[in-house]
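For reference, the structure is listed below as structure tokens.
The values are calculated or read from the model by the stated rules, or taken from the named source; none is laboratory data. Worth saying up front: this structure is predicted, and the values here are computed from it rather than measured. Cβ placement follows ideal geometry from the backbone for every residue including glycine, while neighbour counts extend to all protein chains displayed. To get the accessible areas, we keep the full protein, side chains included, count just its heavy atoms, and leave off ligands, DNA and RNA. Shrake-Rupley method; radii C 1.70, N 1.55, O 1.52, S 1.80 Å.
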Amino acid sequence: MSHLDIANSSAMAILCGITILIVLLQPVLFIFAAVKRSKELNMPKEELKEAAVSSAVFSIIPSLPIIISYLILVPSLGRYFPWLRLSVVGSASYETMAANMAAEAFGLESISVPDIPVDVFVSIVFVVTVGILGGNIFNVFFLKTYDKKVESLKNKNARLVPVITTAMFLGLYGTMSAPHITNFTNIPAVAAIVGAGVAALIFDRLARRVKRLKEFAFPLSMIVGMLTSCVVNAMIV
């Protein structure tokens, strides 16, 4: 039995489906609560429909990176587990990063290798699932204290907080992306990074004139990067 036999099995589909259905129940309850409250406030139906339509439309393109990440993960982790992670409790960047780190810890090149041992696949699923709990545990026990410290720092020096948080994010992303940026043997990957980076700068400039484009800059940059990688790969082959 290969790891994909387990990943695409009916048991995995049922387990993931139950979790997703439970989560889908929450927005349904929120919708009913919102409609009930709107009636209490005598809000016109046209205004409610406009809000619902605009929210639905502007949720499509920002969701493209999630769909792309799902399609990337399916050949390695099956149809159902990435569906659960990316639609419920995960993020596009975290899932791929955590899965690859777990695979590399077991001596694999990445999760894209054709045959992942079953025990390694189970370990990858475990690491991806448990790893994200670290942030939740931090939020439960330490977020309130952390938030108070940040507010205290803002009162003392409001300009310093954005600098610190930006430096933290740049350091984190730099650490994670450095091995890929400096791996010049993987030309398509480097092309994807350069293409996405250039596109992000262009869309950022355009978003200053067209405000609605700001929400779509990131997914569009990802698509440009992927297309750049595909073109470069086709030229090499």
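Computed about its Cα centre, the charge dipole of the chain is approximately 1280 debye, with only Lys, Arg, Asp and Glu carrying charge at their Cβ. Each residue of the stretch 161-176 is assigned a 3J(HN,Hα), and the resulting list reads 4, x, 5, 5, 5, 5, 5, 5, 5, 5, x, 5, 5, x, 5, 6 Hz, derived from the Karplus form 6.51 cos²θ - 1.76 cosθ + 1.60 (θ = phi - 60°), x at Gly and Pro. Across the stretch 1-44, the convex hull enclosing all Cα atoms gives 64 Å³ per residue.
Roughly what percent of Cα-Cα pairs across the stretch 120-169 reach past 19 Å? Don't skip to the end; give the middle numbers.
Values: 608 of 1225 pairs.
Here the long-distance tail beyond 19 Å is 50 percent of all Cα pairs in the stretch 120-169.
Computed with the Debye formula from one identical point scatterer per Cα of the stretch 104-237, without solvent, the log10 of I(q)/I(0) at q = 0.09, 0.10, 0.20 Å⁻¹ comes to -0.48, -0.59, -1.21.
Each pair of Cα atoms in the stretch 8-135 enters the Kirkwood radius, and Stokes-Einstein at 20 °C and 1.002 mPa s then converts it into a translational diffusion coefficient of 127 µm²/s. Of the labelled figures (1) 40, 22, 13; (2) 32, 27, 23; (3) 25, 21, 17, only one reflects semi-axes √(5λ) of the Cα gyration tensor in Å as derived from the coordinates, namely (2). Using a simple spin-label model with pseudo-atoms 7 Å out from Cα toward Cβ, residue 209 and residue 150 lie 3.5 nm apart.
Suppose R0 equals 30 Å. What FRET efficiency, 1/(1 + (r/R0)^6) with r the Cβ-Cβ distance, do residue 113 and residue 59 give to the nearest 0.05?
Values: r = 34 Å, r/R0 = 1.15.
FRET efficiency, residue 113 to residue 59: 0.30.
On a per residue basis, the chain carries 70 Å² of accessible surface, using protein heavy atoms and a 1.4 Å probe.
Do me a favour and compute the ellipsoid semi-axes for the stretch 84-161 from its Cα gyration tensor, root of five times each eigenvalue, largest one first, whole Å.
Values: eigenvalues 258, 35, 23 Å².
In descending order the semi-axes read 36, 13, 11 Å.
For the peptides 151-159, 181-189, 102-110, the ranking by packing is 102-110, 181-189, 151-159, with the highest mean count of neighbouring Cβ atoms within 10 Å listed first. Between the stretch 159-237 and the stretch 66-106, the C-alpha centres lie 19 angstrom from each other.
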